Amino acid sequence: MEDKSEVKINIIGKNGQKIEITEAEQKRRNKIKKVNDEFKLVNAEKSRIINEKEIWKYFFEKPKKNYNKYMYEMLEFPKHLMYNNKSVDEYRGKWNEFFGNKNDIYLEIGCGSGNFTVQNAEKFKDRNYIALELRFKRLVLGAKKSKKRNLDNILFVRKRAETILDFLGKDEIAGVYINFPDPWEGEEKKRVISKSLFFKLDIVLKTNGKLFFKTDHDQYYENVLELINELDNYKIIYHTNDLHNSEKASENIKTEFEQMFLSKHNMKIKYIEIQKNR
Ligand SMILES: C[S@@+](CC[C@H](N)C(=O)[O-])C[C@H]1O[C@@H](n2cnc3c(N)ncnc32)[C@H](O)[C@@H]1O
């Protein structure tokens, strides 16, 4: 009778090559794989528990009595959410490696719960999206939607707009979206859209790259139009004080705040497209 353990079979190796091995060898390899997989699972669980205990250190100087529960939930989305400043900064100039392709990268600043960027990432699979937000709950909601839709071209990042030079390299970004940023009435110096932001975009935004801005706030809209006229390197290529009754209405993707302004307050949405010259 034929010794079964000596029967040769073909398997596909790690690099896609065909390998001929005996059935006994196949059994031995399967056993090792099972042990390795179990080991990885236990380790992943261990590191999750350690991270849960330590995660506050990324955000606070001293431990607090109570934490926002969404702080812990951020751990559930390793593929869609990066909350550790250091890890984010390490990708400076290398985001195409993170996404595993050479596609254009778009940035959203202050993305809220992520509807806008998630829908963009679903619609434009050949683009990558990095969405910045500060609030734990909003980051978690955005990451949850991305995971549910199995999107691999989107990442939520807990970073302030003011720190983009720490984690974005030269010409790394093709476009920037800023939707309904806080208008900071009376404290306008704190606004996200400022001369200082454009000086940073001089570095990270590609030539001919664009910034897209939507707001409900008349004065913010007027102030941004004035600001761009003062900047040599940027020009306004489109603006309207009533986006939903403009030629851009059909391609517009609504944000959470936009939905609210439209349904509750029936407000006119103001919109500007700005292009970088060089
Ligand atoms: C008024 S909400 C708009 C949210 C979303 N864009 C929308 O339209 O539904 C502004 C968001 O920007 C975030 N934010 C404020 N300042 C920021 C900053 N410096 N960097 C990043 N995000 C910021 C806030 O946490 C908030 O979620």
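Ordering Pro63, Asn43, Ile9 by the projection of their Cα atoms onto the charge dipole of segment 1-63, which places +1 on the Cβ of Lys and Arg and -1 on the Cβ of Asp and Glu, puts Pro63 at the extreme positive end.
The HN-Hα couplings worked out from phi for segment 112-129 by the Karplus form 6.51 cos²θ - 1.76 cosθ + 1.60 (θ = phi - 60°) are x, 7, x, 3, 4, 6, 4, 5, 4, 5, 6, 6, 10, 5, 8, 10, 10, 10 Hz, whole numbers, x standing for Gly and Pro.
Rounding to the nearest 20 debye, state how big the charge dipole of segment 1-63 is about its Cα centre with +1 on each Lys and Arg Cβ and -1 on each Asp and Glu Cβ. So the dipole magnitude of segment 1-63 works out to roughly 220 debye. Normalised by 2.2 N^0.38 Å, with N the number of residues, the alpha-carbon radius of gyration of segment 1-63 equals 2.00. Classified by the C-alpha gyration tensor, segment 176-256 has an oblate form. Its axis ratio a/c, with a ≥ b ≥ c, is 1.5 or above, and a/b does not exceed b/c. Between segment 48-106 and segment 212-278, what is the C-alpha centre distance in whole Å? If we compute the Cα centre of each part, the gap is 31 Å. Rounded, prolate or oblate: which fits segment 24-99 when a ≥ b ≥ c are the square roots of the eigenvalues of the alpha-carbon gyration tensor, with rounded for a/c under 1.5 and prolate only if a/b beats b/c? Because a/c hits 1.5 or more and a/b fails to exceed b/c, segment 24-99 counts as oblate.
Rounded to the nearest whole Hz, the Karplus-based 3J(HN,Hα) values (6.51 cos²θ - 1.76 cosθ + 1.60, θ = phi - 60°) of segment 141-154 follow the sequence 4, x, 5, 4, 4, 5, 5, 4, 8, 6, 7, 10, 10, 9, with x at glycine and proline. Since only Tyr238, Tyr221, Ile269 are under comparison, the one whose Cα sits farthest along the positive direction of the charge dipole of segment 69-276, derived from C-beta charges on Lys, Arg, Asp and Glu, is Ile269. Karplus-derived 3J(HN,Hα) values for segment 71-82, using 6.51 cos²θ - 1.76 cosθ + 1.60 with θ = phi - 60°, are 4, 6, 5, 4, 5, 7, 10, x, 8, 10, 9, 10 Hz; glycine and proline are entered as x. In segment 168-261, Cα pairs under 8 Å separated by at least six residues give a relative contact order of 32 percent.
From the Cα gyration tensor of segment 87-201, with a ≥ b ≥ c the square roots of its eigenvalues, which class applies: rounded if a/c is under 1.5, or else prolate if a/b is larger than b/c, or else oblate? Oblate shape, in that a/c is at least 1.5 and b/c is the bigger or equal ratio. Let me check against my output: what whole-number percent is the relative contact order of the chain, with C-alpha pairs under 8 Å and at least 6 apart? Normalised by residue count, the contact order of the chain is 15 percent. Largest first, the extents of the alpha carbon coordinates of the chain on the three principal axes equal 89, 47, 36 Å. Distant-in-sequence amide contacts of Gly93, defined by a placed amide H-H separation under 5 Å and a gap of 5 or more residues or a different chain, comprise Gly169. Normalised by residue number, the volume inside the convex hull of the Cα atoms of segment 159-222 is 88 Å³ per residue.
Averaging the sequence gap over all C-alpha pairs within less than 8 Å and six or more residues apart, then dividing by the number of residues, gives segment 1-63 a relative contact order of 19 percent.
Only the coordinates and a few stated rules stand behind these numbers; no lab work does. In this text, all values refer to a predicted model and were calculated from it rather than measured experimentally. Using ideal geometry, Cβ is built from the backbone for each residue, glycine included, and neighbour counts are taken over all protein chains shown.
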